[in-house]
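Asker: Attaching a single structure in structure tokens format; questions to follow.
The values are calculated or read from the model by the stated rules, or taken from the named source; none is laboratory data. From a predicted model like this one, the values you see are computed outputs, not experimental measurements. Every residue, glycine as well, gets a Cβ built from its backbone with ideal geometry; the counts of neighbours run over all protein chains shown. Accessible surface is based on the protein model in full, side chains and every heavy atom, while ligands, DNA and RNA are left aside. Shrake-Rupley method; radii C 1.70, N 1.55, O 1.52, S 1.80 Å.
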Amino acid sequence: MERAEALPAVRSRVPQKRGLGVKKQRYVFVYTCLLLPLLFFVSIRILPILYSFNVGFREWDMLSEEKPFVGLDNYAALFQDEVFLQALKNTLVYVLAGVPGQVAAGLAVALLLQRIGRLRGLFRTIYFIPYVTSVVAVSWVFRWMLMKNGVVNGILLSLGLGPQLFLGSPSQAIYLVIAAMIWQGVGFQMLIFLTGLEGIPRLYYDAAAIDGAGAWKRFVHITLPLLNPVIVFSVVIGSIDYLQSFTQVLNMTSGGPLNSTVSLVLYIYNLAFKHFNMGQAAAATVVLFALILILSLLQLKVLSKKIEY
């Protein structure tokens with residue numbers, strides 16, 4: 001009996017190993033899940049950007065082990081290149097013409113879809129299908145339609161009008177590329193604006209209608225102010241997309257005619273993989289990165305404003 005009573009006392013003096021508590025295990029799991037995507041993002045985004053800064057300051061010959069430091073020579077050469085200056089100008093045209101057009105078209109479609117009660121899902125799907133369609137396929141369809149003997153010129157001839165050069169015209173081509181980009185991106189903007197419109201309380205519209213406000217005043221004083229966060233998001237995302245215009249330009253015009261549609265990304269692609277001038281290509285990439293950063297911060301500063309409910 002005495003030996004049996006002594007056993008619990010002995011066991012109580014033996015230190016027991018304890019694992020992590022439930023709360024600590026949860027934190028370990030959460031931080032592990034956050035760390036893996038962060039490492040992936042840093043490895044494929046941040047490190048290449050930093051590496052581009054290094055390449056932009058060197059005379060980078062892929063066949064030579066020596067890559068001497070040249071300072072700002074690559075940047076100076078860029079701004080003396082007429083094609084680069086034209087690409088910079090064209091890229092700003094893509095943003096200034098494409099972003100407002102795409103945002104306005106997406107908002108208009110969203111407002112129309114909000115007013116219909118039946119078949120809303122069908123129309124939403126129809127408008128969203130171009131966004132998930134291959135960009136290359138859409139670009140070539142537009143290119144085929146706008147050919148000299150294409151569908152659009154055929155319609156013009158049937159109406160008694162003369163044919164147009166379209167993608168062969170230095171003054172028309174860039175706006176037709178922008179039109180194709182707007183058409184394909186409307187579905188994405190529509191979906192964002194529909195989500196924003198559904199989040200606006202209906203009682204604001206009812207109160208404004210009781211006060212005698214018409215449809216236009218309700219749109220200006222209720223819809224637009226309360227959609228401001230959505231508009232800011234759409235403008236910033238759209239600007240980044242148009243600043244990186246590449247696939248549509250490459251497949252519809254290849255940057256022509258006379259470099260009238262060449263974008264910064266297409267210019268970088270040609271410089272790096274056709275002329276193998278990696279130093280200037282990296283410098284142009286840094287310029288594009290700075291342009292995207294400055295425009296995004298400027299838009300967030302100008303467009304963001306406090307909304308009082």
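Asker: Only Lys, Arg, Asp and Glu count, each charged at its Cβ (+1, +1, -1, -1), so figure out the dipole size of the chain about its Cα centre, rounded to 20 debye.
Answerer: That gives a dipole near 1460 debye.
Asker: Any idea of Glu198's accessible area? Nearest 10 Å², probe 1.4 Å.
Answerer: In the full protein context, Glu198 sits at about 110 Å².
Asker: Would you rank Phe53, Phe233 by solvent-accessible area, highest first, keeping every protein chain in place and using a 1.4 Å probe?
Answerer: I get Phe233, Phe53, largest accessible area first.
Asker: Past 29 Å, Cα to Cα, is the threshold; run Lys67/Lys89; Lys89/Lys217; Lys217/Lys301 against it and keep the listed order.
Answerer: Lys67/Lys89; Lys89/Lys217
Asker: Compute the distance from the alpha-carbon center of the stretch 45-103 to that of the stretch 114-164, in whole Å.
Answerer: If you average the Cα positions of each part, the centres end up 34 Å apart.
Asker: How much solvent-accessible surface does Trp183 expose, in Å² to the nearest 10, with a 1.4 Å probe and all protein chains in place?
Answerer: Surface open to solvent at Trp183 totals about 130 Å².
Asker: Taking the chain as a Gaussian network, where each spring joins two C-alpha atoms under 10 Å apart, which residue of Ala110, Ala283, Ala215 fluctuates the most?
Answerer: Ala215
Asker: Comparing Val95, Val83, Val152, which has the greatest mean-square fluctuation in the GNM of the chain with Cα pairs linked when under 10 Å apart?
Answerer: Sorting by GNM fluctuation, first place goes to Val152.
Asker: I need to check one value: relative contact order of the stretch 72-303, counting alpha carbon pairs closer than 8 Å and at least 6 residues apart, in percent.
Answerer: 32 percent
Asker: Have a look at Gly121, Phe233, Met145 and report the one farthest towards the positive end of the charge dipole of the chain, computed about the Cα centre with Cβ charges (Lys/Arg +1, Asp/Glu -1).
Answerer: Gly121
Asker: Under the rule of -39500 (n - 2.57) per DSSP H run of 4 or more residues, summed and divided by the residues of the chain, what mean residue ellipticity at 222 nm is obtained, to the nearest 500 deg cm²/dmol?
Answerer: Calculated from helices alone, the mean residue ellipticity at 222 nm is -22000 deg cm²/dmol.
Asker: What order do Met252, Met278, Met145 take when sorted by accessible area (1.4 Å probe), most exposed first?
Answerer: Met145, Met278, Met252
Asker: Divide the volume of the convex hull of the Cα atoms of the chain by its number of residues and quote the answer in cubic angstrom per residue.
Answerer: Enclosed volume per residue, from the Cα hull, is 310 Å³.
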